[in-house]
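Q: The structure under discussion is supplied below as C-alpha cells; questions concerning it will follow.
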Amino acid sequence: MSISQVQAAGPKIGPIPKPIPAPRKIPDPGDLKLDFGVERPEQEPDFNGGYREQQDKSYEKISGPNGDFAVPTLKELGFPTATTSHKGGETVALTKLEKILRDETYTATFEKPKTAPTDFEPQATTLLSPYLHFGALSVREFYWRVQEVVHTFKGTASKPPTSLTGQLLFRDMYFGAQAQLGWHFAQTTGNSHCRFVPWHLPSKIDSETKMVTGGYHIDTPQAEEWFQRWKYGRTGFPWIDALMRQLRQEGWIHHLGRHAVACFLTRGGCYISWERGAEVFEEWLIDHETASNVGNWQWLSCTAFFSQYYRCYSPIAFPQKWDKEGNFVRRYVPELKSLDKKYIYEPWKAPLMDQKKAGVKITGDGKESIEGEYPKPMFDFGERRTICVNAIKKAYEVGLYGNDERVADGSYAALFEDEGEGPTECGSNFDVAMRRMAGLDGKGKGEGEDGKKIEEGPKGGDEMDGTVREDESGAKEKGGETKGGDRGKGEKRGLKQVSLDRLVKRMKK
C-alpha cells in the first residue's frame, strides 16, 4: 500500500462530509431513574502500577473527592505531577487550531518535510495530533477549516500528501492497512506484508495464538544494553539522546525526530526489533495511534511501506543541517549546555580542556546517569551502519515475510546462518529457543520438522516493493537521510565513510 493508492481511492469514496455543528444547549433529560447501583471496577492487574506513587483513589466516590464529578486529577489517580507542558481538552484544541488558521501563509503552504525537528517552544508543526487521537478535535473540523483557508489563499498553496490535510491521508493509509490485516498488523509474526528481519531482542510469541506476549528474548546482553541506553537517552549521541529525553518528558517529538531515533534503533545502528521501539512509543507518546505508530516503525525499519534501507539518518550530520548551534541538544541534554558548538554533536571529540571548561566529563558506559558526566558513544556509527546495511540486504535476499512458516517455527535460521548481522551473535540463543519450542532439536542444518531440506526464499525481491519515496511528492527534507558518512572538512575519507550507494553496488557484484 502507498499514499498514492490512498489518494487515488479517495475520490471514488466520495466527498468528505462537513462536521455537524456542536449543540448550543443540552436538552432537559427529564426524570431519570437509575436501576443499578455503583459497581467498583476491577483494579488488578494494574498496568500503570509501575508509575503510581500511591493507590488509585478515583473510585472511592462516584462523584469524586469534592463531589463535583470533575475529571480525576493525577494525584487522585496516584500519579506524580506531569512533566509535559501540553494540556488536553477541546477548548485547548480549538484555541490552538484558531491560532494556526490565523497564520494563513503557514496553513496554506505547510509542507511537512520542510519543518524543523529541532524547533521547540514553539515547535515547527501544529501539535494537534494528540487532540485528534483523543477526539478533542474532530478530524472533519480540522480538514474543512484548513480547506477554507487554502481556497481563499492568494498565493500558491501546498498539496497533499505534504500539505496539512495530506497528513490526514497518511493516518488513513495506516488505518486501512490495520483494517485489512487485523491484529497481525501490529507484529511481525503472521504479518503477510511485513518483511522478516532477524533483529536482536525479538518478541516472544504465544505458541498457540501466534500473538506477541508482551515479552521479548534477550538474545545478546549487548543489544539489551543498547536498547536501554536508547530508551532513556544515554547513547552518547546527543541528537538521539535529546529526542528520547524530550519524548519521555513531554510525550511528543517532531516526526523527523521520530524518524531519526527509529532508524537508529533498527536498520541504522542497533539492529534491534522495531517492535521494541513501537512499544516505547506506545508507552510514552501522547498522540499514540496503534496503526500510525506500527506503520511508521515498519516504514523506518524498512520492513514495510518503504524499502530504501541503505538511506540512514546520521545522528551527527542530520541535526547539524538544522541547528548548527545545538540549541535543541542544549535544552534536553543540559549536561552539554556549555559545550562548544564544534563538539555539540560529537562531544567525545572535545579535548579535556574543553570538557573541563564546559563543566562536563565525557566518560562512562551510559548504564546510569551520573551528574557532571555524559557517556561515550555506545558504538562507531559508521561501522554499525555498514553492518546493518549488509544485514538488511541479506534479509531482502532471503525474502521472507512474517506469515512464512519458517518464521513461526524458527527454521528461518538455516537461511541466514551467521550472515544476518555479520560476525556477531546474531540471535543464536533465540534461534535455539525457537527450534526447541518447535520441536526441531537435533535436526540437521537447513532441515524442517519433517527432516526435509528447506528451500531458500526468493532472491533480490522488489527494489521499491510498490512503495513511494519517503518525501512522497519530491519535496526535499532539509538535511534528509544520508547515503554517505559524516565527513568533516579537510578530513581524508576512510573506508567507513564511503558512500552507501557505492557500498551497495559493490555488494551486488
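The values are calculated or read from the model by the stated rules, or taken from the named source; none is laboratory data. Just so it is clear, the model here is predicted, and its values are computed rather than measured. Neighbour counts are summed over all protein chains in view; Cβ atoms, including those assigned to glycine, are modelled from backbone coordinates with ideal geometry. Note: accessible area is taken over every heavy atom of the protein model, side chains too, but ligands, DNA and RNA are not part of it. Shrake-Rupley method; radii C 1.70, N 1.55, O 1.52, S 1.80 Å.
Q: Based on what the data block shows, is G326 touching a Pro at 6+ places or on another chain (Cβ under 6 Å), farther than 29 Å from E397 by Cα and not acidic (D, E)? Break it down into steps so the answer makes sense when it comes.
A: Working: touching a Pro at 6+ places or on another chain (Cβ under 6 Å): no; farther than 29 Å from E397 by Cα: yes; not acidic (D, E): yes.
In short, no.
Q: May I ask you to say which residue of K367, K337, K361, K376 is at pLDDT below 95, open to solvent by 40 Å² or more (accessible area, probe 1.4 Å) and in contact with a helix residue (DSSP H, G or I) (Cβ under 8 Å, 6 or more places away or on another chain)? Before you say what the answer is, go through the steps one by one.
A: Numbers: K337 fails: at pLDDT below 95; K361 fails: at pLDDT below 95; K376 fails: at pLDDT below 95.
On inspection, the qualifying residue turns out to be K367.
Q: In the set G257, G269, which member is within 12 Å of the chain's Cα centre (by Cα) and open to solvent by less than 10 Å² (accessible area, probe 1.4 Å)? Quick ask: steps written out before the conclusion?
A: Working: G269 fails: within 12 Å of the chain's Cα centre (by Cα).
It is G257.
Q: Give segment 343-360 a look and list any residue that's more than 13 Å from R330 (Cα to Cα) and either among the basic types (K, R) or in contact with a Gly (Cβ under 6 Å, 6 or more places away or on another chain) (or both), or say none.
A: Selection gives K349, K356, K357.
Q: While we're looking at this one, here's another question. Please state which of the following conditions S307 fails to meet, knowing it meets all the rest: (1) open to solvent by less than 60 Å² (accessible area, probe 1.4 Å); (2) of a type in the set (S, T, N, Q); (3) at pLDDT 95 or above.
A: S307 satisfies all of (1) open to solvent by less than 60 Å² (accessible area, probe 1.4 Å); (2) of a type in the set (S, T, N, Q); (3) at pLDDT 95 or above except (3).
Q: Taking the condition of being open to solvent by 20 Å² or more (accessible area, probe 1.4 Å) and either in contact with a Gly (Cβ under 6 Å, 6 or more places away or on another chain) or not in a helix (DSSP H, G or I) (or both), how many residues in segment 395-410 meet it?
A: Let us first name the residues in segment 395-410 that are open to solvent by 20 Å² or more (accessible area, probe 1.4 Å), namely 397, 401, 403-406, 408-409.
Remaining after also requiring either in contact with a Gly (Cβ under 6 Å, 6 or more places away or on another chain) or not in a helix (DSSP H, G or I) (or both): 401, 403-404.
The total comes to 3.
Q: Yes or no: segment 76-86 includes at least one residue that is among the polar types (S, T, N, Q), open to solvent by less than 70 Å² (accessible area, probe 1.4 Å), under 30 Å from the mean Cα position of the chain (by Cα) and under 13 Å from T126 (Cα atoms).
A: no
Q: Can you name the residue in segment 89-105 that is closer than 13 Å to L128 by Cβ and free of Cβ contacts under 8 Å to residues at least 12 places away in the same chain and, of all such residues, is most open to solvent (accessible area, probe 1.4 Å)?
A: K99
Q: OK, next. If you go through segment 348-388, how many residues are more than 24 Å from S338 (Cβ to Cβ) and assigned to a loop (DSSP other than H, G, I, E, B)? Walk me through how you get there before you give the answer.
A: Step one: list which residues in segment 348-388 are more than 24 Å from S338 (Cβ to Cβ), which gives 367, 379-388.
This time we only want the ones that are assigned to a loop (DSSP other than H, G, I, E, B), so: 367, 379-380.
Here the count works out to 3.
Q: Right, next: Answer yes or no as to whether A179 is open to solvent by 10 Å² or more (accessible area, probe 1.4 Å), among the hydrophobic types (A, V, I, L, M, F, W, C) and assigned to a helix (DSSP H, G or I).
A: yes
Q: Return the residues of segment 1-40 that are of a type in the set (A, V, I, L, M) and touching a residue at least 12 places away in the same chain (Cβ under 8 Å); say none if nothing qualifies.
A: Hits for segment 1-40 are M1, I3, V6, I16, V38.
Q: Moving to a separate point now. What are the pairs with Cβ atoms under 6 angstrom where one residue, in segment 314-331, is more than 10 Å from T118 (Cβ to Cβ) and the other, located anywhere, is among the hydrophobic types (A, V, I, L, M, F, W, C) and buried (at least 19 other Cβ atoms within 10 Å of the Cβ)? Sequence gap at least six, or different chains.
A: Hits for this filter: P315/F237; P315/W239; P315/I240.
Q: So which residues in segment 189-236 are open to solvent by 40 Å² or more (accessible area, probe 1.4 Å) and charged (D, E, K, R), if there are any at all? Step through it out loud before you land on a result.
A: Narrowing segment 189-236 to residues open to solvent by 40 Å² or more (accessible area, probe 1.4 Å): 192-193, 204, 206-214, 216, 218, 221-222, 225, 228, 232, 234.
Scanning segment 189-236 gives K204, D206, E208, K210, E225, R234.
Q: Does segment 107-117 contain any residue that is more than 30 Å from V146 (Cα to Cα) and either exposed (fewer than 14 other Cβ atoms within 10 Å of the Cβ) or touching a residue at least 12 places away in the same chain (Cβ under 8 Å) (or both)?
A: Going residue by residue through segment 107-117, those that are more than 30 Å from V146 (Cα to Cα) are none.
The answer is no, given that none of the residues of segment 107-117 is more than 30 Å from V146 (Cα to Cα) and either exposed (fewer than 14 other Cβ atoms within 10 Å of the Cβ) or touching a residue at least 12 places away in the same chain (Cβ under 8 Å) (or both).
Q: Name, by its number, the condition in (1) touching a residue at least 24 places away in the same chain (Cβ under 8 Å); (2) of a type in the set (V, I, T); (3) open to solvent by less than 100 Å² (accessible area, probe 1.4 Å); (4) part of a loop (DSSP other than H, G, I, E, B) that does not hold for I62.
A: (3)
Q: Taking segment 118-156 only, how many residues are among the small types (G, A, S), over 18 Å from T95 (Cβ atoms) and open to solvent by less than 30 Å² (accessible area, probe 1.4 Å)? Give the derivation first.
A: At the first step, the residues of segment 118-156 found to be among the small types (G, A, S) are 124, 129, 135-136, 138, 155.
Next cut, over 18 Å from T95 (Cβ atoms) only: 124, 155.
Checking the rest, the ones that are also open to solvent by less than 30 Å² (accessible area, probe 1.4 Å) come to 124.
Number satisfying all stated conditions: 1.
Q: State yes or no: is Q43 free of Cβ contacts under 8 Å to residues at least 40 places away in the same chain, more than 22 Å from T290 (Cα to Cα), of a type outside the set (F, W, Y) and touching a Phe, Trp or Tyr at 6+ places or on another chain (Cβ under 8 Å)?
A: Details: free of Cβ contacts under 8 Å to residues at least 40 places away in the same chain: yes; more than 22 Å from T290 (Cα to Cα): yes; of a type outside the set (F, W, Y): yes; touching a Phe, Trp or Tyr at 6+ places or on another chain (Cβ under 8 Å): yes.
Against the criterion (free of Cβ contacts under 8 Å to residues at least 40 places away in the same chain, more than 22 Å from T290 (Cα to Cα), of a type outside the set (F, W, Y) and touching a Phe, Trp or Tyr at 6+ places or on another chain (Cβ under 8 Å)), Q43 qualifies.
Q: What tally of residues in segment 1-30 results from selecting those that are over 29 Å from the mean Cα position of the chain (by Cα) and open to solvent by 60 Å² or more (accessible area, probe 1.4 Å)? If you could, list the steps in order and put the result at the bottom.
A: Here is the first cut: in segment 1-30, the residues over 29 Å from the mean Cα position of the chain (by Cα) are 11-30.
Checking the rest, the ones that are also open to solvent by 60 Å² or more (accessible area, probe 1.4 Å) come to 11-13, 15-18, 20-29.
Number of matching residues: 17.
Q: Then there is this: Just give me the residues in segment 157-176 being open to solvent by 10 Å² or more (accessible area, probe 1.4 Å) and among the small types (G, A, S), in sequence order.
A: A157, S158, G176 - these are the residues of segment 157-176 that are open to solvent by 10 Å² or more (accessible area, probe 1.4 Å) and among the small types (G, A, S).
Q: If P319 satisfies every condition in (1) open to solvent by less than 10 Å² (accessible area, probe 1.4 Å); (2) over 23 Å from G382 (Cβ atoms) but one, which is the exception?
A: Evaluating P319 over (1) open to solvent by less than 10 Å² (accessible area, probe 1.4 Å); (2) over 23 Å from G382 (Cβ atoms) leaves (2) as the failure.
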